[in-house]
Amino acid sequence: MIEDIKTDAEKLMRNAIGALEQAFRKIRTGRASGAILDSIVVDYYGTETPLKQVANVSVEDARTLSIIPWEPSMVPVVEKAIMKSDLGLNPSTAGNNIRVTMPMLTEETRKEFVKQARNEAENCRISVRNARRDANNDIKDLLKEKEITEDEARQAEDQIQKLTDRFIAEVDEHLESKEADLLKV
C-alpha cells in the first residue's frame, strides 16, 4: 500500500516536471528552435491538428525557422495560425515556404522571459508539493484505519519528503539552465 502511494506520488511529480519542460519550450530564446511551434494547432479540414502533422518544420539558421506545409493550400492557414499564437512571431511567405525569423531579444524581453520561467518553475514546485500533500494524506488515512503502524507512517512520510526534495532540486536545475540560456547574449 505504501509503495503504491509512493509510486503514484512519484508519477505525479514526474508529470509536473514534464509539464515544466513543455512550458520552457514555449519560452523562446534568441535562437531558432522548432519546439517553439509545438503548441500551435491549425484547422486541417475542420480538425484541429498540431502544426508538425501538416508541415515540415526545420531550422534554417540560428534565427530562422522554415515551415513547408505538405499541401500548398495549407500555407495561408499555417501562416494565420502562427500569427494568432501568443508567441509574438511574424511569418513571411515565399511560395510554399513560410519563414519565421526570431526577433532579437532586448534586455527587457529577456528579463520578462526569465520572470515567466520563474513563474512556471514555481507552478511546478506547487504541483510537486501538492503530490506530497496528497501522498501524506493517504498515509494518514491508512494510519487512522490502523492498516499501518505509526513508525511505518513516519518512515513513509520521510521517503515522500526525500522524493519531494529530489524533484524540487530538479525543478531548480531546469530553471537555472533556462535562465542561463535566456540571459546569454
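The values are calculated or read from the model by the stated rules, or taken from the named source; none is laboratory data. All values derive from a computational prediction rather than experimental measurement. Positions of Cβ are backbone-derived with ideal geometry, glycine not excepted, and every protein chain shown enters the neighbour counts.
Listed values, structure above:
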item	result
Criterion violated by S92 - all others in (1) in contact (Cβ under 8 Å) with a residue 12 or more places away in the chain; (2) polar (S, T, N, Q); (3) outside the structural domain of E170 (by TED's automatic domain parsing) satisfied	(1)
Residue that is nearest to S33 (Cα to Cα) [pool: residues in the range 64-94 that are out of contact with any Asp or Glu (no Cβ under 9 Å at 6 or more places or on another chain) and among the hydroxyl-bearing types (S, T, Y)]	T64
Test: A81 is in a helix (DSSP H, G or I), in contact (Cβ under 8 Å) with a residue 40 or more places away in the chain, of a type in the set (A, V, I, L, M, F, W, C) and within 30 Å of D134 (Cα to Cα)	no
Matching entry among R99, R110, R63 (being among the basic types (K, R) and modelled with pLDDT of 85 or more)	R99
Residues that are exposed (fewer than 15 other Cβ atoms within 10 Å of the Cβ) and in contact with a Gly (Cβ under 8 Å, 6 or more places away or on another chain), drawn from the range 80-106	P103, M104
Residue in the range 63-70 that is in contact with a His (Cβ under 9 Å, 6 or more places away or on another chain) and closer than 26 Å to E120 by Cβ present	no
Complete set of residues in the range 145-185 that are surrounded by fewer than 14 Cβ atoms within 10 Å (Cβ to Cβ), closer than 18 Å to R14 by Cα and in contact (Cβ under 8 Å) with a residue 12 or more places away in the chain	Q161, D172
